[in-house]
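One structure is given here, and the rest of the page talks about it.
Just so it is clear, none of the values below were taken in a lab; they were calculated from the coordinates. Worth saying up front: this structure is predicted, and the values here are computed from it rather than measured. We place every Cβ from the backbone using ideal geometry, glycine too, and count neighbours over all the protein chains shown.
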Amino acid sequence: MKEELTAVAHQLGFDVCRVAACTAPPHAAEFRAWLADGRAGEMAWLERNEQRRTDPQQVLPGARSVVVLAMNYWQKGEMQDAGSRRQDESSRHGHPASCALHPASSSSAAGLIARYAWGDDYHDVIEKKLRTLDEWLSARGGRQRCYVDTGPILERDLAAVAGAGWQGKSTMLIHPKLGTWFFLAEILTTLELAPDAPMADHCGKCTRCIDACPTGAITAPHQLDARRCISYLTIESKGPIPEEFRAAMGARIYGCDDCLTACPWNRFAQESRESAFAAREFVHRWKLRDFLSLDDEGFRRLFRKSPIKRIKRRGFLRNVCVALGNIGTPDDLPALEKAAQDPEPLIAEHAQWAIERLRTREMTNVGG
């Protein structure tokens, strides 16, 4: 049955299919301590589901196995990679970057979007495939619970136990053939499937992911303070971006790939065979200031079926304003001045911050 399941999973487009016994995740105690320290920030749902996340039997009573699936999403995008590297170098040197993506025309600056959000929402893509696997397992007498990133389980812990990769010092899972560029999905089932062996940790003494983090969010190997993480700040946090982290955000407007990009194992990454993850036009072609013209309807239309839609217009334009404050030019001031009058206070405040940054930088350049 397990061999047949693996074959079906590969036919559906999954690159990895592994199995773990449905027992308590090995780092449940560390997860509880992480929550108690407040390092989850505003992600209150993690605390609400603490008991279920550390005991899969509360999610599906009688579950015997966890099927762990991985799907590669890596897409080529040299402009984004180069921009991320230059933004990171600028952040470490304590000064705003010049336009990293379009050095010949700084007024056409583009933002950096985490690679996983370039195409269609992975939840929608993968959930359809999970339904097929659920039906396949049900036909063989199983009861299942299927999740893509949203279930009350410690998915990376379970994935590591199943041998779908090992947990790197960044806390991200690393696979020897996929690097760090893959989505995880899980199926808890009452069927008993032979578990796979975990992989050995192959990070060695490497600390590139820790060194690459612009805000020092990876406080020690396998320790992440979400409150400092740019992915958290640009996606999960609903309020103002703390000023101490705004300059370090550089041109990042949705998520951050720096700790992933830095991983040497990504030299083996291959382009995804899932066309739904291909980059949309706004990833490489839109100027930062163009996003400021979006009203609510325009935002919903542009980001339809995109994971970016979840942070809504107010959160996304907040991020765009910060990026313009970091890498914008005087050509961007009219758009920012209009945004400073936006009825949404979160957008208006960050636009005003960006205007002040731009004007200060312009005066410094003139004086210099």
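Below, the figures for the structure above:
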| item | result |
| --- | --- |
| Extension reserve of the residue 42-residue 205 stretch, reckoned as 0.36 nm per residue once the Cα distance is removed | 55.4 nm |
| For residue 74, distant residues with modelled amide H under 5 Å away | 272 |
| Of 128/338; 76/169; 169/287, pairs whose Cα-Cα distance is over 32 Å | 128/338; 169/287 |
| Amide proton proximity set for residue 252, modelled H, under 5 Å, gap of 5+ | 112 |
| Cα lying deepest toward the dipole's positive end in the stretch 259-368, options 323, 268, 343, charges on Cβ | 268 |
| Distant-in-sequence amide H partners of residue 173 (H built 1.01 Å from N, under 5 Å) | 168 |
| Descending Cα extents along the principal axes, the chain, whole Å | 72, 42, 38 |
| Hits among aspartates and glutamates - C-alpha to C-alpha of residue 309 under 12 Å, sequence gap 8 or more where chains match | 120, 121, 296, 297 |
| J(HN,Hα) series, the stretch 284-290, from Karplus relation 6.51 cos²θ - 1.76 cosθ + 1.60, nearest Hz, glycine and proline x | 10, 9, 7, 6, 4, 5, 4 |
| Computed helical MRE - 222 nm, the chain, DSSP H runs ≥ 4 contributing -39500 (n - 2.57), nearest 500 | -11000 deg cm²/dmol |
| Cβ-based net charge around residue 32, under 15 Å, with every Lys or Arg adding one and every Asp or Glu removing one | -2 |
| Phi-based couplings in Hz for the stretch 136-148 (Karplus 6.51, -1.76, 1.60; Gly and Pro marked x) | 5, 6, 4, 5, 9, x, x, 10, 10, 10, 10, 9, 10 |
| Net charge, residue 196 excluded, C-beta distance under 10 Å - Lys, Arg +1, Asp, Glu -1 | +2 |
| Charged-residue dipole, Cβ positions (Lys, Arg, Asp, Glu), the chain about Cα centre, Debye nearest 20 | 200 |
